[in-house]
Amino acid sequence: MGERDQTDGVELMLPPWGRLAEAAPDWVVGHLHPDLDSLVSARTAAELVGSRPAAWGEAEPLSAATWARLGEEPLPLLADAGSLGLVDTSRPETRRPVAWAVDHHPLGAGERPYPVYMQPWGATATLIAQARDRFGSPARRLLAAAILADTMALTSNRTTDHDRAALDALVPDWQALLPLVFPAHLSLTPAQWRQAGRKQVLGLPWASGGGMGEPPDLDAIAEGEEGPFAFSWIDLRQKTTTLALVMDHRVVRRLTYPAVLSRTRIGPEIRGPMEETFGRELRYESEAKE
Ligand SMILES: [Mn+2]
């Protein structure tokens, strides 16, 4: 905890939870459509400072399903009033009082008249896990699951030694959590897949997910899609990504290549075939999802 450095007002130190608890915010909340790291970080940071955890909006569907498999009730939606502690979000919310932010993302633009505790590690849960001695086993299990989710089971190129060490210390047999965090998505119906992890990439609706098992039935998913629609699946066992492009209810391109393990990077191996199929007018509508 002792090290302290200052860069552009960001404090590169671990959150001093005891001091933060002395002026605890009403709510601890993550990003707009929280993923597992965001949900877990809100829940566990709130526990450390004695605040209430909340979700800004509906949880991202695959993460909401994992949260339920871990035995957790959905977090309440954030109320319109009250001060905030921000976790796992680079969003500089300043229209209402913010006590502090705890994050692992490089910070985007925006003024932050509050302390930010940031480490460029694989998950916000890894920062919070530094206080693991203060948690019981349910919270430690949640933190481990969030680290697995945000690092794609320690395979993402954002994974650090801090993430590996935290995981081992939290739950020594963390491999047992893998089927909970990355279930066989084969059990999802095509309709559920269409709801899963939707965002806009290159101007197309895009669903993506990670899995440990066989890829889902892409033809069955395509049947329900007018398109254009893009679907990607990361197979953590094979370390491959499968990409399917759908038009008029059928798969028009299908590619499998070594996994692009950063979930936010859209590399030329994806962009190329998409532009070739759908035309050069496609735009990359990047979003600060995490
Ligand atoms: Mn995160």
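Read the figures in this text as sums done on the coordinates, not as results from a lab. Quick caveat, the model's predicted, so the values are computed rather than measured. We place every Cβ from the backbone using ideal geometry, glycine too, and count neighbours over all the protein chains shown.
Restricting things to alpha carbons, find the Rg to Rh ratio for segment 39-114 using the Kirkwood radius for Rh.
On the way: Rg = 12.9 Å, Rh = 13.4 Å.
Expressed as Rg/Rh, it is 0.96.
Nearest 5 percent is fine: what portion of the DSSP beta bridges confined to segment 6-177 is antiparallel?
Numbers: 2 of 17 bridges.
Antiparallel bridges: around 10 percent, rounded to the nearest 5.
So if I take the alpha carbon set of segment 6-177, get Rg, then get Rh from the Kirkwood formula, what is the Rg over Rh ratio?
Details: Rg = 14.7 Å, Rh = 15.8 Å.
Radius of gyration over Kirkwood radius for segment 6-177 works out to 0.93.
Distance between the C-alpha centres of segment 24-56 and segment 122-189: 17 Å, rounded to the whole angstrom.
Once the dipole of segment 6-177 is set up with Lys and Arg at +1 and Asp and Glu at -1 on Cβ about the Cα centre, which of Ser51, Ala65, Asn157 lies farthest towards its positive end? My answer, from the dipole projection, is Ser51. Taking chymotrypsin sites (Phe, Trp or Tyr not before Pro) across segment 30-124, none is in a DSSP loop with at most 15 further Cβ atoms lying within 10 angstrom of its Cβ.
To the nearest 20 debye, what is the magnitude of the charge dipole of segment 6-177 about its Cα centre, counting +1 on the Cβ of each Lys and Arg and -1 on the Cβ of each Asp and Glu? Once rounded to the nearest 20, the dipole reads 180 debye.
First measure r as the distance between the Cβ atoms of Ala79 and Ala220, then evaluate 1/(1 + (r/R0)^6) with R0 = 45 Å and state the FRET efficiency to the nearest 0.05.
Working: r = 41 Å, r/R0 = 0.91.
Efficiency computed from Cβ-Cβ geometry: 0.65.
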